[in-house]
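A.B. asks: Sharing a structure with you now.
Since every read-out is calculated from the coordinates, none of them should be taken as a lab result. All values derive from a computational prediction rather than experimental measurement. Heads up, the Cβs are rebuilt from the backbone with ideal geometry, glycines too, and the neighbour counts pull from every protein chain shown.
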Amino acid sequence: MDYIVQEASRFWQDLMSRPDGPFALRFLMQPTVSSLLAIRDGIRDAKAGRDPYLALIATNADERRGALKEGLNATARVLFLGLLLDFFYQMKTFGSFRYVGEAIVIAFALAFLPYLLLRGPVRRIAAAWMARKAGRETRP
């Protein structure tokens, strides 16, 4: 049991020290790129009349798998880049790539989580903007 607590403590300390270590710029770049992808896809969703992304995943079991796959495909390059950067971070900091779980958590948190959280709200804003714009065009 002590080993689990010790590893969990080390895991948390390693995660918290990463923004101050080498390759810290990725903590800005990856969420930014992921957010831009979410904006692009949210606008596409609004144009297509699709449900908000996170709501679709949470409530529609029939489309959940396809929606998650679509989101992972959209962010695949950013996720891969995150894993690659964490590989280099660990090589520089620890001398080896021994914490694969940490690399996955960081890549997911920086690349997919912003996408997951932003795509739906962007879709709502874009849909409201398009509806408002369409209302103005029909008035004399």
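A.B. asks: Note down the relative contact order for region 25-138 as a percent, whole number, built from C-alpha pairs under 8 angstrom at least six residues apart.
C.D. replies: Answer for region 25-138 is 46 percent.
A.B. asks: Which distance in nm do the two modelled labels at ALA109 and LEU84 give, with both placed 7 Å along the Cα-to-Cβ direction?
C.D. replies: Here the answer is 2.2 nm between the modelled labels.
A.B. asks: Next question. Run the numbers for ARG77 and ARG40: contour at 0.36 nm per residue of separation, minus the present Cα-Cα distance, in nm.
C.D. replies: 11.8 nm
A.B. asks: Starting from the Cα-Cα distance between LEU28 and GLU70, subtract it from 0.36 nm times their residue separation and give me the gain in nm to one decimal.
C.D. replies: Full extension from LEU28 to GLU70 adds 12.8 nm.
A.B. asks: Provide the FRET efficiency to the nearest 0.05 for the LEU117-LYS47 pair, computing r from the beta carbons and using R0 = 22 Å. Write out the running numbers ahead of the final one.
C.D. replies: Working: r = 21 Å, r/R0 = 0.94.
The calculated FRET efficiency here is 0.60.
A.B. asks: If you stretched the chain out fully between ARG124 and VAL5, how much longer would it get, using 0.36 nm times the residue separation minus the C-alpha to C-alpha distance?
C.D. replies: This chain segment gains 38.6 nm when fully extended.
A.B. asks: Ok, one more. Is the C-alpha gyration tensor of region 4-57 telling us rounded, prolate or oblate? Criteria: a/c under 1.5 is rounded; beyond that, a/b larger than b/c is prolate, otherwise oblate.
C.D. replies: oblate
A.B. asks: Separate question: Hey, got the dipole for region 25-138? About the Cα centre, +1 on K and R Cβ, -1 on D and E Cβ, debye to the nearest 20?
C.D. replies: The dipole magnitude comes to about 320 debye.
A.B. asks: Determine, from the Cβ-Cβ distance of ALA134 and THR59 and an R0 of 25 Å, the FRET efficiency 1/(1 + (r/R0)^6), rounded to the nearest 0.05.
C.D. replies: It comes to 0.40.
A.B. asks: Binning at 10 angstrom from zero up to the longest distance, how are the C-alpha pair distances of region 25-138 distributed in percent?
C.D. replies: 15, 38, 26, 15, 5, 1, 0
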